[in-house]
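Remarks on the structure that follows.
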Amino acid sequence: MNFPYEGPDALAPAITAALSRVVDPEVSMNIVDVGLVYGVTVDADTVHVLITMTSAACPVIDLIIEDAELELEKAVPDHLEVRVELVWEPPWSPDRMSAHAKRFMGW
């Protein structure tokens, strides 16, 4: 897992898989490998996901958030509310990218 996770161990694989299906169309890679997922917390009622973008000028912010919400809603139990929150701190940097993403980008 490329991001902090706090919640039931049984949900972690489904949440990771769901977020890995969300693609940042600007780089043609999933948001987990790009390092846009800052953390996930699951409590009795909510799946709360913190994500960022590579730039505040990103033209696909709404699309990525919507895709993340849709994928998570399919992956978690119905009683859990999905909440995806956009954050800007700490700023994204290429250091957050997975080794796979760095190879893909030629870094």
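The values are calculated or read from the model by the stated rules, or taken from the named source; none is laboratory data. The structure presented is a predicted model; accordingly, all values stated were derived computationally and were not measured. Cβ sites come from the backbone with ideal geometry, for glycine too, and all protein chains shown count toward neighbours. These area figures cover heavy atoms from the full protein model, side chains too; ligands, DNA and RNA do not enter into them. Shrake-Rupley method; radii C 1.70, N 1.55, O 1.52, S 1.80 Å.
Summary table below
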item	result
Single residue of V76, V42, V32, V22 found to be touching a strand residue (DSSP E or B) at 6+ places or on another chain (Cβ under 8 Å), closer than 17 Å to S98 by Cβ and not charged (D, E, K, R)	V22
Within segment 47-70, considering residues that are outside any helix (DSSP H, G or I) and open to solvent by less than 30 Å² (accessible area, probe 1.4 Å), the one nearest to L11 (Cα to Cα)	V47
Candidates R103, R83, filtered to the one that is more than 15 Å from the chain's Cα centre (by Cα) and among the basic types (K, R)	R103
Qualifying position, being acidic (D, E), open to solvent by 60 Å² or more (accessible area, probe 1.4 Å) and at pLDDT 95 or above, among E73, E26	E73
Qualifying residue in segment 93-107 (condition: closer than 16 Å to P4 by Cβ and surrounded by fewer than 18 Cβ atoms within 10 Å (Cβ to Cβ))	yes
Segment 76-92 - residue that is touching a residue at least 40 places away in the same chain (Cβ under 8 Å) and in contact with a Ser or Thr (Cβ under 7 Å, 6 or more places away or on another chain) and, of those, most open to solvent (accessible area, probe 1.4 Å)	W92
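Residue-wise test of (1) out of contact with any helix residue (DSSP H, G or I) (no Cβ under 8 Å at 6 or more places or on another chain); (2) aliphatic (A, V, I, L, M).
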{"site": "V22", "(1), (2)": "no, yes"}
{"site": "V49", "(1), (2)": "no, yes"}
{"site": "A68", "(1), (2)": "no, yes"}
{"site": "V84", "(1), (2)": "no, yes"}
{"site": "W92", "(1), (2)": "yes, no"}
{"site": "W107", "(1), (2)": "no, no"}
